[in-house]
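S.K.: Structure below; questions to follow.
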Amino acid sequence: MRPNLSLPRAFRGSDGSESWCTLLVGCLGMILLWARAPFATSNFYAEDGARFFSGARSSGLFESLKEPVGGYFHLIPRLIGAASAQVPITRAPLMTGLLVLFVVAWANMTIYLASSRTLTDRWSRALLALSVTLLPIVGFESLSNSANLHFILVCASMVVLMGAQQTPWRMINDSALVIVTGLSTPLVLALSPVAGYRWWRDRRGEVSQTIPPVVVGWAIGTAGQFGSLAILGGGGTSRWGGDPGVARSAGKTLFLLLERVLGYNFLPFWPRI
């Protein structure tokens, strides 16, 4: 079967069916995500309306980007809020929900492609890619708003750093994903060992003597997250720059990781505990 040359090389594998498998994984991820909570496209949840949408609507994208929420910056939710602010307010929740679906589908497809080095079976790669959609936490709150998308992006970034990028398009896509992950959550710092392993693995295997672009992307995103907070949040009224809110934010982020990710996904009947 001849490859479909109308698609970017990022979606081509060893044969033309790879591109269709990748698109199918993305579409299936969107369908599964919507089916778990179809009401999510008709309502604002948590920060989507109170923070991201209202901030973009009142001050615009660039001004709202400077404002941290919960102690850190949220690039992806801010962009989603800015896009939702461009449509009539009655359609804004729908726009937010659709963009959340799109971002998760992007993560699904990226995981499917990046895992080809370690998983040769397409069914295994598809199951891994869709696992971020099937996790219990996604049906709880992450699905309904963009604020918790960073948990899913961190999962995808870990696979990207551990996987492989055989084409320039995949390298660009995967590097972009880890950059926006870093600019959306400080949890990207937890991927430091994975980024270090990727650099060591490529040098040991003589794949390249230079730093892998995805590792550079991880470093850019991480530095951007903490650097922006140091520069823009250094005022006396900010929770950053000597304010005890830094510790509170770090503690809250760690609590949410343990409670909403590890608890909901790995402890049976966690919501009842």
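S.K.: Tally Lys/Arg at +1 and Asp/Glu at -1 over every other residue whose Cβ is under 15 Å from the Cβ of Ile111; what's the total?
M.R.: That works out to +1.
S.K.: For the stretch 168-177, in order, what is each residue's ³J(HN,Hα) by Karplus, 6.51 cos²θ - 1.76 cosθ + 1.60 with θ = phi - 60°, in whole Hz (x at glycine and Pro)?
M.R.: Per residue, the Karplus-derived 3J(HN,Hα) values read x, 5, 5, 4, 5, 4, 5, 5, 4, 5 Hz.
S.K.: Given charges of +1 on the Cβ of Lys and Arg and -1 on the Cβ of Asp and Glu, with all other atoms neutral, how large is the dipole of the stretch 83-198 about its Cα centre, in debye to the nearest 20?
M.R.: Taking the Cα centre of the stretch 83-198 as origin, the dipole is about 200 debye.
S.K.: Right, next: With a point put 7 Å past each Cα toward its Cβ, work out how far Asp121 is from Ile220 in nm, to one decimal.
M.R.: 3.7 nm
S.K.: Moving to a separate point now. Test of understanding: ordering Val25, Val214 by Cβ neighbours within 10 Å, fewest first, what list do you get?
M.R.: Numbers: Val25 25, Val214 29.
Exposure proxy ranking, most exposed first: Val25, Val214.
S.K.: Same structure again: Give the peptides 179-189, 62-72 in descending order of average Cβ contacts within 10 Å, highest first. Please report the intermediate quantities before stating the final value.
M.R.: Numbers: 179-189: 23.9, 62-72: 17.3.
In descending order of packing, they fall as 179-189, 62-72.
S.K.: Another question about this same structure. What list of ³J(HN,Hα) values in whole Hz, one per residue of the stretch 114-125 in order, does the Karplus curve 6.51 cos²θ - 1.76 cosθ + 1.60 (θ = phi - 60°) give from phi, with Gly and Pro shown as x?
M.R.: Rounded to whole hertz, the list is 5, 7, 5, 6, 9, 10, 8, 7, 5, 5, 5, 5.
Just so you know, all these numbers are worked out from the coordinates, no wet-lab data involved. On a predicted model such as this, the values are computed, not experimentally measured, just so you know. Because the Cβ atoms are built from the backbone with ideal geometry, glycine has one as well, and the counts that use them run over all protein chains shown.
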